[in-house]
Structures are given as structure tokens and as C-alpha cells.
1. Let me confirm something: among K65, K17, which residue is among the basic types (K, R), open to solvent by 60 Å² or more (accessible area, probe 1.4 Å) and modelled with pLDDT under 90?
2. Looking at I379, I335, which is the one that is of a type in the set (A, V, I, L, M), more than 17 Å from M303 (Cα to Cα) and modelled with pLDDT of 95 or more?
3. In the stretch 303-313, what residues are open to solvent by 10 Å² or more (accessible area, probe 1.4 Å) and within 16 Å of H424 (Cβ to Cβ)?
4. Looking only at the stretch 352-387, which residues are under 30 Å from T406 (Cβ atoms) and out of contact with any helix residue (DSSP H, G or I) (no Cβ under 7 Å at 6 or more places or on another chain)?
5. Report, by residue number, each residue of the stretch 399-436 that is open to solvent by less than 20 Å² (accessible area, probe 1.4 Å) and part of a helix (DSSP H, G or I).
6. Just one of (1) open to solvent by 40 Å² or more (accessible area, probe 1.4 Å); (2) at pLDDT 85 or above trips up S83, so point out which.
7. Tell me the residue from R74, R104 that is more than 26 Å from Q300 (Cβ to Cβ), in the same structural domain as Y368 (by the TED database) and at pLDDT below 85, please.
Amino acid sequence: QRCVVLRFLKFPPNQNKTSEEILHHLQNIVDFGKHVMKQFFGEKYVHHGEIIQLPLDFVRQLCLKIQPERPESRCDKDMDTLSGYAMCLPNLTRLQTYRFVEPRPILCIEIKPKCGFIPFSSHVSQEIKHKVCRYCMHQHLKVANGKWKRPSKYCPLDLFSGNKQRMHFALKSLLQEAQNNLKIFKNGELIYGCKDDQECVSDWNELARHLKPFFFPSNGLVSGPHCTRTVVKELIHVITLTLLSSTDACRAGDMKTVPVSQGRSYCEASAFNKELVRNGKHKLESSGLPRGCLLYKTLQAQMLDMLDIEGLYPLYNRVEQYLEEFPEERSTLQIDGPYNEAFYEKLLDLSTEDDGTIAFALTKVQQYRIAMTAKDCSIMIALSPCLQDECSEQRPVVLASKTRFTFSVSVLDLDLKPYESIPHQYKLDGKIVNYYLKNVQAKDDPVMSSLFKENEDCTLVLHKV
């Protein structure tokens, strides 16, 4: 009735945490949302939630009830049923302009946009990273590892370009190959996208059947062979408009921003870019994002990764070395919180000149963690057809061909990425780039492909000199 979501912590089996530790962990998540991410994204977009305590009997029953619903790949962790603490958050598949569940049709699109820029750091050792974005390179490794059947044509740089043609292409590619980057809910129920890492079959006709009453309310208006295509086109158009809308101001908007122009605004591996090249057209530059829109704010937070993981890793090692010598300093350095105003203020130092201090290294490490969080967040767009008497009210409205929607845009999955995950990120980055150079670029380059014959054993012979 109150339209809220309960979120519980999950842990690997046999990793027992005390109630105090769980409460502290949850408090950190709430504080990070409230004092840090709200400053970057804005008051209206971030819902940090609150901590509540529930009867243990209720928690146990709930756990038993949802266990069969959990995807297999997630069952390596158990839900915390011993502390009784949980986070209470708004249900973002609903409109955030209403306090209670209303009997109105609601469509919600969840998009995980991923990293929207190409590294501009001089620390990058492989030239390919200045040309092809991380997402497009990672696709090939994921397909090779069997995570997905096919690579997606989606490229985050197209979505973040602000150019409507490129944005439409990106959203269409997401709809064709949703992977875990796109989900669509109708009245809170998942109707499109992957429940798990399983094979996702994109059935646009089935999707159009769900969407048609939203976009073409009176029957018979759209029929014939173009029906499905027309409905999907309308959906893409409305998503683009909501992503470019700005409904909130935030402190980070006044932040001395990292100029997007430092990197290139297109990715050489993007299917949209390849199509342009094939047709002999010039590169379509980005139109740029409106400063107030959520994509712009997301990109600014992502671009706190100014040194790339290759430039950051030595700084992480500097912090690690310092902590080995002075372990008691860990809490003073605020590595595990508290995430308060002081923590946020330190993030605003955008200098990249290394003065060799621990303070510089730590600031860059914390900025990188924020950037990683922003690269992995999800955007939720809730849409509901306007009732006649509503459209005059002060609510954001977006127009489709035959109807108008009131909407709300929110951002979630904003837990700070762990400090300990940095070495993993460094290794993964190397894996992604090496796989791409050897198996994708090498095939496009005849000289390289003769060097890397697939499945051929190579022996390196060392002679004494």
C-alpha cells in the first residue's frame, strides 16, 4: 500500500556478521547516498532510503518465500535474516510524484548506461583504449566467456552523445540485445529484459502488445505491418526526451567539471560509427547533453576517473603501503567511511599533478571509486499517461504522438564500489584490452592476424647472448 521496497544485505555462507556490523554497513550506504551521491546527481534523482528494524519472524518467512524466486547465479549469497535490519526505499518502478499506490497504468524503463567516455589519460599504455570504449571491448570477452550469446550493438558513447539520432540508435540496440542493461516493467512487473544471465529472446511483437495501450490509447489507430515498429519507435522517442529533460539542480552542477572534449566523442567500434564510415559520411559529432539532465550528471561523476585504472593503480599501491606501515590510520583516511560532508569536500580537488603525497593518492583513489559507482548505476524512468485534468498541474510532462505522459526519473545502484576491488579492476582492464587486440583487432588487420593464428601453439625460444 505504501509502495516501498525492502532491501536486505546478502553475504557468502558462513560469513556471520554481528547486528552492529550490519547496522553500520547499512548506515554507510544511506550516508553515502545522502551526503555524496545526492550532491552529484541532485535531490530529486537520488533516494537514499532509511534503515528500519523488522521482527525476525517476519524476515525469516519472507526469506523462505522469495528463495525460489532468486536467480541461480545470485544464490551464492544468503540473505541476512539474523539482524532484522533492512533498508526501506521507494519503489522506483512507480512514479515518484505520488506517495501511495494508485490504480493507474505505469510503464518503467530501467537502463544501465555504463561508461560514457573514452579514457583521455596519458597513463593509458595501449592506443586502442583511446579509440574504442571499454563497453564495446568488454562485449567480445563476455561472449567468448559464454556470458552472452552475441555482442550487443549498443555503445554508451552514442547514448551519452546528446545527438538524438545516435541516442535512438543506442536505445534500439539495447532493445534488440538487452543483456543486463535494459529492463521494462509494466505496473511493477518485469515484461521485457533478462531475469538472469540466461538467453534473452527479444520479442518485439510481445513488447508492442504491452506498450500499445500506453502510446495509442484508442484502438484501431495503428495497425498493419508497421504496428510493432511504430510502437517501439514511440517508446525510444519518449525515453530520449525524458533522458534529456532536466528537473533538478545539484551542487556538483557548480563543480569545476572535467571537459568532455578531452576525449573523443565517438567510439571506433560503435555500429553507428561504422555505418557512417561505410556510407562515406563524416563522423557525426555529439550535440552535447543539457547540463541539467541526469545523463550529463552521470557522465560528470564518471569522469572523476581522470587517470584511468592504469594511472590509478600505482596510487592505490602507495595507499596500501602506507596502511601497512600505519594500519591505525585507516579510519582517519575515511577509507570505509564515514561518508559525510568532509568526505564529499575532498572529492572536489580535480588536480592531476602528483606531488608524491599520501593525500593526493587517496583523493584520486576515492574519486575513482565514485566514478566506478557512476559507471555502474541504473536510471529508472517511470511513465504514466496523463489524465485529462492532470496536465495542467506542475508535473513534468513528455509528449508522444497520440498521448502525453507524466514521468519521473531516478537513479539507483549507488553503493560505493569497494576499495578492495581496485586490483581486480586493474587485472580485468588488462584482460579486456589484450583479448580485444588479439582476437578482434587482429582479425581486422591482416598483418596482425597472420601473427595471431587462432588455436595455434607458439613456442618462444630464448638463446643465450
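The values are calculated or read from the model by the stated rules, or taken from the named source; none is laboratory data. All figures in this text were calculated on a predicted structure; none of them were measured in a lab. Positions of Cβ are generated from backbone atoms using ideal geometry, with glycine treated the same way; all protein chains shown enter the neighbour counts. Protein only, heavy atoms only, side chains kept; ligands, DNA and RNA dropped before computing areas. Shrake-Rupley method; radii C 1.70, N 1.55, O 1.52, S 1.80 Å.
1. K17
2. Only one candidate qualifies: I379.
3. D305, D308, E310, Y313
4. T373, D376, S378, M380, A382, S384, C386, L387
5. Y419, I422, D429, I432, V433, Y436, listed by residue number.
6. (1)
7. R104
So that you can scan it fast, the table gives a plain yes or no per residue for (1) farther than 26 Å from Q15 by Cα; (2) open to solvent by less than 40 Å² (accessible area, probe 1.4 Å); (3) charged (D, E, K, R):
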position: D76; (1), (2), (3): no, no, yes
position: Q96; (1), (2), (3): yes, no, no
position: M137; (1), (2), (3): yes, yes, no
position: H140; (1), (2), (3): yes, no, no
position: K153; (1), (2), (3): yes, no, yes
